[in-house]
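Read the figures in this text as sums done on the coordinates, not as results from a lab. Fair warning: this is a prediction, and the values are worked out from it, not measured in the lab. Every residue, glycine among them, receives a Cβ derived from its backbone with ideal geometry; neighbour counts consider all protein chains shown.
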Amino acid sequence: SYEAVLADPDVDAVYVPTPASLHGVWTRRALAAGKHVLCEKPLTANGAEAERIAALAHASNLVLMEAMHSQHHPAWARVRELLADGAVGTPRSAEATFLVDIADRADIRWQPALGGGALMDLGVYPLRFLQAVFGPPVVRSATAVDVGGVDASMSVRLDLPGGVDGTVVASMVPGGPPEAVARIVGDAGTMTVHLPYHPQMGGRITVERDGRTHHEDLDTTSTYVYMLRAFADAVLRGGPVVTDADEAVVTMNLIDAAYSAAGMAPRQPAAADD
């Protein structure tokens with residue numbers, strides 16, 4: 001049982017892969033049991049719960065890492081590096097999308113009580129991508145296709161630092177075309193990042209500028225390998241936690257704001273006795 005794992009003195013760290021509405025419950029219990037935690041994304045059901053978890057993590061001196069595996073891959077750092085080098089001039093707009101066909105209505109992502117929704121499961125990736133590349137955004141507006149309390153799709157307009165217009169699009173509409181791409185338009189060129197959330201599957205950065213096109217293939221090492229190495233380094237040697245609770249708090253508050261802007265209620269955590 002989960003309780004037996006947390007009570008086992010030989011267990012130093014746990015991975016929390018439950019539905020999103022249960023992430024906070026089991027992360028709290030794991031931290032209380034003195035375990036380091038790698039918790040699936042999104043870290044919690046909403047911003048308030050994320051803030052509570054972050055406070056517990058800071059007080060515990062334990063490692064709490066959100067399993068935002070894509071952020072550990074060098075691809076995102078490479079995007080920042082290229083932008084800093086002026087690859088597209090001054091960025092003016094950025095759009096990141098993640099579209100997946102999820103036809104099975106029994107899937108947890110279609111269950112509101114389990115923290116389901118396109119933004120929670122898919123949109124969290126492009127939202128974090130823009131957050132990691134440009135800094136914390138502000139939600140300007142959002143629209144959603146509401147199917148029984150679950151956002152089958154969501155489009156979010158953002159104000160990014162530096163005056164950049166941001167857009168996140170996430171969809172799990174059955175039969176829809178799959179897509180995972182980010183595009184940054186500057187005053188001197190355009191950068192397209194193909195497969196930014198799983199670059200190991202053939203990801204590439206394409207820069208178009210001055211009538212010329214440059215392609216850069218991305219590292220094929222799995223994002224999960226980079227993440228697990230980082231988690232082990234943090235636990236064993238005190239290494240940095242890039243996807244920490246504070247980073248997740250920013251993301252979860254953005255998700256809450258997007259739901260509210262779209263006229264939907266933010267997700268709620270499962271009831272717990274702790």
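What the table shows:
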read-out	value
Candidates per trypsin sites (Lys or Arg not before Pro) in region 115-173, loop by DSSP, up to 16 other Cβ within 10 Å	none
GNM flexibility winner over the chain from Ala113, Ala84, Ala45 (Cα, springs under 10 Å)	Ala84
Rg(Cα) / (2.2 N^0.38 Å) computed for region 1-144, rounded to two decimals	1.21
D (Stokes-Einstein, µm²/s), Kirkwood Cα radius, region 1-68, 0.890 mPa s at 25 °C	210 µm²/s
Computed over region 153-274: relative contact order in percent, which uses C-alpha pairs under 8 Å that are six or more apart	11 percent
In region 162-217, GluC sites (Glu not before Pro) in a DSSP loop with at most 16 other beta-carbon atoms within 10 Å	none
Region 164-274 - Debye-derived log10 I(q)/I(0), Cα point model, q = 0.11, 0.12, 0.19, 0.20 Å⁻¹	-0.61, -0.72, -1.27, -1.26
Highest-MSF residue in the chain out of Pro91, Pro196, Pro178 [GNM, Cα springs under 10 Å]	Pro178
The chain - percent relative contact order, Cα under 8 Å, separation 6 or more	25 percent
Alpha-carbon radius of gyration plus Dmax, which is the widest Cα pair, for the chain in Å	18.7, 62
Viscosity 1.306 mPa s, temperature 10 °C, Stokes-Einstein D of region 73-220 from Kirkwood C-alpha radius, µm²/s	100 µm²/s
Normalised contact order of region 1-120, rounded percent, pairs of Cα under 8 Å and 6 or more residues apart	22 percent
Theoretical gain in end-to-end length, Ala265 to Asp85 [0.36 nm per residue, Cα-Cα removed]	60.7 nm
